[in-house]
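Asker: Structure incoming, see below.
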Amino acid sequence: APSPKATANTWIIGETARTLSEVNQALTEFRFDQAADALYKFVWGRVCDWYVECAKPLLDGAEAQETRQTMAWVLDQCM
C-alpha cells in the first residue's frame, strides 16, 4: 500500500484494508452475498461518493502524484 500524507488518501487506504478484510472473511465463510454487498458498498459508497470528490482538489496540487498512486492502488485492490 502507498504511504500517503493527504488525509483523504490515508482514509481511503484504511477503508480499503477494512473492506478487504470483510470480503475475505465472508468468502472464507462462503457468504458470497456478504462479500458482494461489502464490495458494492465500498465502491459506490466510499470510493465513488466520497473519495473521488475529495480527491479532485488534490489532483491539481502538490499531492497529485500521491493521489494518482493511491487511486490506482485502491482500484487494483478491488479487481
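The values are calculated or read from the model by the stated rules, or taken from the named source; none is laboratory data. These numbers were taken from a predicted model, which means no experiment stands behind them. Every residue, glycine as well, gets a Cβ built from its backbone with ideal geometry; the counts of neighbours run over all protein chains shown. The area values use the complete protein model at the heavy-atom level, side chains included, leaving out ligands, DNA and RNA. Shrake-Rupley method; radii C 1.70, N 1.55, O 1.52, S 1.80 Å.
Asker: For the list (1) exposed (fewer than 15 other Cβ atoms within 10 Å of the Cβ); (2) in contact (Cβ under 8 Å) with a residue 60 or more places away in the chain; (3) not β-branched (Val, Ile, Thr), I need the number of the one condition that Trp73 fails.
Answerer: It is condition (1) that Trp73 fails.
Asker: Just to verify a result, which residue in the range 36-64, among those that are loosely packed, with under 14 Cβ neighbours inside 10 Å and aromatic (Phe, Trp, Tyr), is nearest to Asn9 (Cα to Cα)?
Answerer: Once the filter is applied, the top-ranked residue is Trp44.
Asker: Also, quick follow-up: Does Ala72 qualify as being in contact with a helix residue (DSSP H, G or I) (Cβ under 9 Å, 6 or more places away or on another chain) and part of a helix (DSSP H, G or I)?
Answerer: Values: in contact with a helix residue (DSSP H, G or I) (Cβ under 9 Å, 6 or more places away or on another chain): no; part of a helix (DSSP H, G or I): yes.
Against the criterion (in contact with a helix residue (DSSP H, G or I) (Cβ under 9 Å, 6 or more places away or on another chain) and part of a helix (DSSP H, G or I)), Ala72 does not qualify.
Asker: Got at least one residue in the range 6-27 being modelled with pLDDT under 95, touching a helix residue (DSSP H, G or I) at 6+ places or on another chain (Cβ under 8 Å) and open to solvent by 90 Å² or more (accessible area, probe 1.4 Å)?
Answerer: Within the range 6-27, none of the residues are modelled with pLDDT under 95, touching a helix residue (DSSP H, G or I) at 6+ places or on another chain (Cβ under 8 Å) and open to solvent by 90 Å² or more (accessible area, probe 1.4 Å).
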